[in-house]
Amino acid sequence: MPAAIHQFVAGYANGDAISNEARLLRDVFRAWGFASEIFCDPRSTLPELRRDARDVSAYPATARPDDIVLLHLSIGSLANEIFATLPVRKAILYHNITPAQYFTAINGQTAAELARGRRQLEMLAHTATVNLADSQFNARELAAAGYHDPKVLPLVLNLDALKPTAGTRAAKYFINHGINILFVGRCAPNKCIQDLLEAFFCFQRGVTPQSRLVHIGSYAGCEPYYYYLRTRVRELRLESTVHFAGSVPQSELNAYYARANLFLCMSEHEGFCIPILEAMTHNLPVLAFAAGAVPETMDGAGILFHEKKFDLVSEMMHRLATDQSLRAAVISGQQHRLDRYRHRDLPTELHHHLQPLLSSQ
């Protein structure tokens with residue numbers, strides 16, 4: 001039987017970036033001729049996906065010494081603990097672990113899982129032969145934690161899934177004659193959505209009254225933060241112009257991107273930030289706070305700012321939305337950034353990175 005390349009993930013869900021990448025990589029590994037499965041704790045797997053991901057606790061009984069296991073490291077999990085004990089060839093792909101303090105007052109369980117993840121990050125430092133990270137920002141964290149020679153492999157994405165569609169909810173929330181501002185990302189404290197509200201308040205009150213702000217992303221597990229944001233919306237009297245759309249299917253998400261005029265990101269901690277590339281795919285100018293891996297993901301495209309001076313940010317929002325020459329130049333730069341991503345053969349790069357494991361088969 002051929003050797004296998006399996007993947008361990010901390011959670012398995014629809015619309016989740018790591019789950020999506022794991023599915024793409026499973027196809028890649030199978031195309032290479034290897035058996036390949038995804039393993040996860042069933043308690044962290046959506047019920048409807050439990051036929052697609054196997055129970056991580058069952059894997060050790062069937063593990064073979066010539067198996068390769070790739071761990072997607074992103075939070076504390078049972079998968080990390082089992083991975084450490086396996087008598088197999090090992091690789092780690094680090095997606096970053098959000099600092100626990102962002103969640104301490106919001107969700108104690110999530111904060112504990114993140115803190116556990118940081119401990120497991122330290123524990124796994126000398127476990128794998130191949131250490132990968134999906135950004136240089138993440139690779140630096142691995143190196144600081146004692147990981148040997150971490151290499152960068154950007155997230156493997158299916159940009160073809162981002163084709164515009166005629167979703168109906170976007171038409172409901174956005175306006176036809178005005179400026180529509182979009183942010184996509186989990187409703188979590190590290191995303192600093194409260195700063196998004198403050199910037200939009202300055203924008204609508206002082207620059208462009210005919211405007212809307214829409215946030216797309218799940219608030220599951222962050223309900224207290226979500227309710228705080230709703231309270232802040234009422235305090236700023238933005239109830240009719242700020243909309244929290246929650247989670248939406250890909251077809252609807254594509255429609256939001258297609259109808260928006262500007263993508264604004266205020267996040268303070270990102271290991272990659274896929275929505276930035278999604279926005280670029282839809283020719284949506286990106287204005288983002290330069291934190292974490294965001295500057296890398298932007299890769300010289302869009303516009304970065306280094307201070308959250310909301311009045312200045314709101315002026316730049318207006319220019320990006322209305323100055324056609326600037327807008328065209330920014331979109332052109334973003335397309336060049338996407339071309340650089342598309343022209344990389346990431347499966348071949350991954351094969352090269354895994355060569356120390358593959359060559360010993």
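None of the figures in this text is laboratory data; all of them are computed from the coordinates on show. Please read these numbers as outputs of a predicted model, since none were measured by experiment. No Cβ is skipped: glycine too gets one built from the backbone with ideal geometry, and neighbour counts run over all protein chains shown.
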Practice prompt. Run the numbers on the stretch 117-237 and let me know its relative contact order in percent, using alpha-carbon pairs under 8 Å that are six or more apart.
Written response: 21
Worksheet item: What number, in percent, do you get for the relative contact order of the stretch 160-342 if the mean sequence gap of Cα pairs under 8 Å and at least 6 apart is divided by its residue count?
Response: 26
Worksheet item: In nanometres, what is the gap between the two model label sites at residue 52 and residue 119, each 7 Å from Cα along Cα-to-Cβ?
Response: 3.2
Worksheet item: Where does the chain land at 222 nm, in deg cm²/dmol rounded to the nearest 500, when only DSSP H runs of n ≥ 4 count, each adding -39500 (n - 2.57), divided by all residues?
Response: -12000 deg cm²/dmol
Worksheet, complete the sentence: Taking R0 as 51 Å and r as the Cβ-Cβ distance between residue 61 and residue 325, the FRET efficiency 1/(1 + (r/R0)^6), rounded to the nearest 0.05, comes to 0.20
Item to complete: Compute the relative contact order of the chain as a whole-number percentage, counting only Cα pairs closer than 8 Å that sit 6 or more residues apart in sequence.
Response: 14
Item to complete: Kindly list the residues of the stretch 246-261 that lie in the label zone of residue 175, defined by a backbone N under 18 Å from the point 7 Å along the Cα-to-C-beta vector.
Response: 259-261
Worksheet, complete the sentence: Of every Cα-Cα pair in the stretch 207-256, the percentage lying beyond 12 Å is 69
Worksheet item: Taking a ≥ b ≥ c as the square roots of the eigenvalues of the Cα gyration tensor of the stretch 160-342, is the shape rounded (a/c under 1.5), prolate (a/b larger than b/c) or oblate?
Response: rounded
Worksheet item: By the scheme Lys and Arg +1, Asp and Glu -1, what is the net charge of all other residues having a beta-carbon under 13 Å from that of residue 334?
Response: +1
Discussion item. I want the local charge near residue 266. Using Cβ-Cβ distances under 10 Å, sum +1 for each Lys or Arg and -1 for each Asp or Glu among the other residues.
Written reply: -1
Worksheet item: Quick one: Cα centre-to-centre distance for the stretch 246-293 and the stretch 310-361, in angstrom?
Response: 12
Worksheet item: How would you order 313-324, 69-80 from highest to lowest mean count of nearby Cβ atoms within 10 Å?
Response: 69-80, 313-324
Worksheet entry | Likely footprinting exposure, 237, 118, fewest C-beta neighbours within 10 Å first | 237, 118
